[in-house]
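Heads up, the thing below is written out as structure tokens.
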Amino acid sequence: MERLKLATVWLGGCSGCHMSLLDLDEWLIDLAAVADLVYSPIADHKTFPAAVDLALVEGAVANDEHLELARQVRRNSRLVVALGDCAVTGNVTAMRNPLGAVATVLQQVYVMHGDPRGVLPDAPGIVPRLLDRVLPLHATITVDLFLPGCPPAASAIRTMLEALLRGETPPVLSRFG
Ligand code: SF4
């Protein structure tokens, strides 16, 4: 049997969804018997590879680096899963949206409620540029499956992965909206 090429991706999220994945504990050894982890923050790969079978994406799309990575993931993955509420709806990451424009957000965070010297981050090419609004993953790329939860329970992640490994449609949301 072909080994599954599995990627996990960390966009604008707290990493709690990855922690839930790690909560699968010894089942991860079973997973490692049939899958190769080809990209992940927990494996520290630098570039997203080609021909990925399954990409689990945590987090919303909040800046230009997230947007570029999300597009790379879509171009190079057969199945893309929005993993957790931030990827599915924006959730916690999108809480800045009601504050308005990026300039207002930065002013509030770094000046009004932050650094008393009033210094804004200003390093083009080093500090990612914030998007005007935080977006759920499906607003930027086509998403195949949605697994909500904050975070999704480890058991729900396992159920989804087991179904996908059997070639079945897993019992998670296959559409959103
Ligand atoms: Fe963290 Fe919840 Fe967002 Fe997952 S869905 S990244 S656990 S805030």
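Note the per residue figure in Å³ for the convex hull of the C-alpha positions in segment 1-135.
121 Å³
Take the alpha carbon gyration tensor of segment 115-176, find the square roots of its eigenvalues, order them as a ≥ b ≥ c, and report rounded if a/c is under 1.5; if not, report prolate when a/b exceeds b/c, else oblate.
Judged from the Cα gyration tensor, segment 115-176 comes out prolate (a/c at least 1.5, a/b above b/c).
For segment 41-104, compute Rg over Rh where Rg is the Cα radius of gyration and Rh is the Kirkwood radius from the inverse mean 1/r over Cα pairs.
1.03
Given N residues in segment 5-81, what is its alpha carbon radius of gyration divided by 2.2 N^0.38 Å?
1.06
Please build a GNM for the chain, connecting alpha carbons under 10 Å apart, and tell me which residue among Ala87, Ala156, Ala101 fluctuates the most.
Of Ala87, Ala156, Ala101, the Gaussian network model singles out Ala101 as fluctuating most.
Residue by residue, what Karplus-based ³J(HN,Hα) values in Hz, rounded to whole numbers, does segment 54-65 have, using 6.51, -1.76 and 1.60 with θ = phi - 60° and x for Gly and Pro?
9, 10, 9, 10, 8, x, 8, 9, 10, 9, 5, 5
Starting from a Cα-only point model with no solvent, please compute log10 I(q)/I(0) by Debye for segment 68-126 at q = 0.16, 0.20, 0.26 1/Å.
-0.75, -0.91, -1.04
Rounded to the nearest 5, what % of the DSSP beta bridges within segment 1-61 are antiparallel ones?
Rounded to the nearest five, the antiparallel share is 10 percent.
Quick one: in segment 70-177, what % of C-alpha pairs are over 25 Å apart?
Here the tail beyond 25 Å accounts for 37 percent of pairs.
Tabulate in residue order the Karplus-calculated ³J(HN,Hα) for segment 125-142, using 6.51 cos²θ - 1.76 cosθ + 1.60 with θ = phi - 60°, rounded to whole Hz; enter x for Gly and Pro.
Ordered by residue, 3J(HN,Hα) equals x, 10, 8, x, 7, 5, 6, 4, 9, 6, 10, x, 4, 5, 7, 10, 9, 6 Hz.
Dipole size in debye (nearest 20) for segment 49-95 around its Cα centre, Lys and Arg Cβ +1, Asp and Glu Cβ -1?
My answer is approximately 220 debye.
Treating the beta-carbon of each Lys and Arg as +1 and of each Asp and Glu as -1, no other charges, what is the dipole magnitude of the chain about its Cα centre, to the nearest 20 debye?
Here the chain has a charge dipole of around 500 debye.
Given only helices, namely DSSP H runs of n ≥ 4 each adding -39500 (n - 2.57), what is the per-residue ellipticity at 222 nm of the chain, to the nearest 500 deg cm²/dmol?
That comes out to -7500 deg cm²/dmol.
Laboratory data are not the source of any read-out in this text; all were calculated from the coordinates shown. This one's a predicted model, so the numbers in the text were calculated from it and none came from an experiment. Note: ideal-geometry Cβ built from the backbone for every residue, glycine included; neighbour counts use all protein chains shown.
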